[in-house]
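The values are calculated or read from the model by the stated rules, or taken from the named source; none is laboratory data. Computed from a predicted model, the values in this text were never measured in an experiment. Note: ideal-geometry Cβ built from the backbone for every residue, glycine included; neighbour counts use all protein chains shown. All accessible areas refer to the heavy atoms of the entire protein, side chains included, with ligands and DNA or RNA removed. Shrake-Rupley method; radii C 1.70, N 1.55, O 1.52, S 1.80 Å.
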Amino acid sequence: MKVTVVGAGAVGASCAEYIAMKNFASEVVLLDIKEGYAEGKAMDLMQTASLNGFDTKITGSTNDYGKTADSDIAVITSGIPRKPGMTREELIGINAGIVKTVATSLLEHSPNVTIIVVSNPMDTMTYLVHKATGLPKNRIIGMGGALDSARFKYRLAQALEAPISDVDGMVIGGHSDTGMVPLVGHATRNSVKVSEFLSEEKMDWVVEETKVGGATLTKLLGTSAWYAPGAAVSGLVQAIACDQKKMFPCSTLLEGEYDLDDICIGVPVILGKNGIEKIVEIELSDAEKAKMQESAAGVKKTNGLLEV
Ligand SMILES: NC(=O)c1ccc[n+]([C@@H]2O[C@H](COP(=O)([O-])OP(=O)(O)OC[C@H]3O[C@@H](n4cnc5c(N)ncnc54)[C@H](O)[C@@H]3O)[C@@H](O)[C@H]2O)c1
């Protein structure tokens, strides 16, 4: 199992680290455009191997896609992150060009690769990879919902004053401050609906804090977060590499599911060795359906800015 991570910045390096720590991949190649940067990160990470007990080999490359040849999975994290006060959508001008070039270069050397898109605005970048590569839809996966769901569970646990392991919940919709649809009506504490424990006011707080989860961190850190994004990506990579058939909300091309068409947006999917093996259609309330449609309109507006 060979995994390439393009972009050896904050998210890319964190992702490589979590993949290595979970010890399921034989090789991780970090690639960056900055001279020597990926090689340096790879060497630093390799020097943690004996300390952290992993055997995954991590190598670095300065923009040499030959080193990524025959990758099974590639993660695209290259591009600029947002600064405090910015929306993810504002990154499109720079990131669209980067993501398109990177996806094409990856495919030239790894024709069978499954691509996980992380760069923002992620739903639109995932759609762009579809348009630019023509890869089958099961092999293009946008990562956003896995992270947003982890943030949702963090806030739910806080509101419930419960351990996170007690809590389950999922966020679908667009990966944006306004587009996320936290499925509060489906969220549970040990299979009991959270509405049994939380007031409407508390549930509203959970939903709002989840939606601005990324912006809150960007304000604190001066750039976007990396630990939880890296961990979320490593979860998707592991599900594919180990054929786990796990369910995650991921951005995927919809063709009629959820009454949406010609759009990549977050919905529950089953991940296994073939990438997205199934799109899971769950029953949504009328309010959730309306929020999903509103979210999709926002993503389509951003897609309209693409030159493809
Ligand atoms: N989908 C999500 O949930 C999620 C979460 C966090 C961050 N992000 C996004 O991920 C991206 C990366 O964030 P970060 O914090 O790691 O940024 P970063 O600046 O730390 O790292 C980005 C790296 O990409 C490299 N790069 C730029 N152009 C390149 C190219 N053409 N080829 C190869 N490498 C190139 C840069 O040199 C840099 O090292 C941003 O767009 C950010 O918004 C997405």
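Counting only the heavy atoms of the protein chains, how much of S165 is accessible to a 1.4 Å probe, in Å² to the nearest 10?
Here the residue's solvent-accessible area equals roughly 110 Å².
What do the square roots of 5 times the Cα gyration tensor eigenvalues come to for the chain, in whole Å, largest first, as semi-axes of the equivalent ellipsoid?
30, 22, 18
Using a 1.4 Å probe on the protein heavy atoms, what percent of the accessible area of segment 207-289 belongs to carbon and sulfur?
On the way: 1900 of 3600 Å².
Ligands and nucleic acids excluded, carbon and sulfur reach 53 percent.
Between Rg and the Kirkwood Rh of segment 3-51, both from Cα atoms, what is the Rg to Rh ratio?
0.93
Angle check, please: helix 227-241 long axis (alpha carbons) against the longest principal axis of the chain (alpha carbons), in degrees 0 to 90, nearest 10.
For helix 227-241, the angle is close to 70 degrees.
Apply the Kirkwood formula to segment 227-299: the hydrodynamic radius equals the inverse of the mean of 1/r over all pairs of different alpha-carbon atoms; give it in Å with one decimal. Working shown, then result.
On the way: mean 1/r = 0.0763 Å⁻¹.
Taking the inverse mean of 1/r over all distinct Cα pairs, segment 227-299 comes out at 13.1 Å.
Place the peptides 7-16, 44-53 in order of packing, highest mean first, counting for every residue the other Cβ atoms within 10 Å and averaging per peptide. Don't skip to the end; give the middle numbers.
Numbers: 7-16: 25.5, 44-53: 12.9.
By packing density, highest mean first, the sequence is 7-16, 44-53.
If you keep only loop residues by DSSP, which trypsin sites (Lys or Arg not before Pro) in segment 206-308 have at most 14 other Cβ atoms within 10 Å of their Cβ?
Qualifying residues, ordered by number: K245, K273.
If you find the alpha carbon centre of segment 240-293 and of segment 77-99, how far apart are they in angstrom?
Using only Cα atoms, the two centres lie 24 Å from each other.
For the chain, with every protein chain kept in place, what is the accessible area per residue (1.4 Å probe, Å²)?
Using a 1.4 Å probe on heavy atoms only, each residue of the chain averages 43 Å².
Using only Cα atoms, find the angle between the long axis of helix 286-303 and the longest principal axis of the chain, and express it within 0 to 90 degrees, rounded to the nearest 10.
30
Rounded to the nearest 500, what is the chain's calculated 222 nm mean residue ellipticity when only DSSP H runs of at least 4 contribute -39500 (n - 2.57) each, over all residues? Before the final figure, lay out the partial values.
On the way: 10 runs with 127 residues, N = 308.
Only helices count here, giving -13000 deg cm²/dmol.
Rounded to two decimals, what ratio of Rg to Rh does segment 169-308 give with C-alpha atoms and a Kirkwood Rh?
Expressed as Rg/Rh, it is 0.97.
For the chain, calculate the relative contact order in percent as a whole number, restricting contacts to Cα pairs under 8 Å that are 6 or more residues apart.
18
Nearest-5 percent of antiparallel DSSP beta bridges in segment 60-196?
Around 50 percent antiparallel, to the nearest 5.
How would you rank 86-92, 150-156, highest first, on the average number of other Cβ atoms within 10 Å across their residues?
150-156, 86-92
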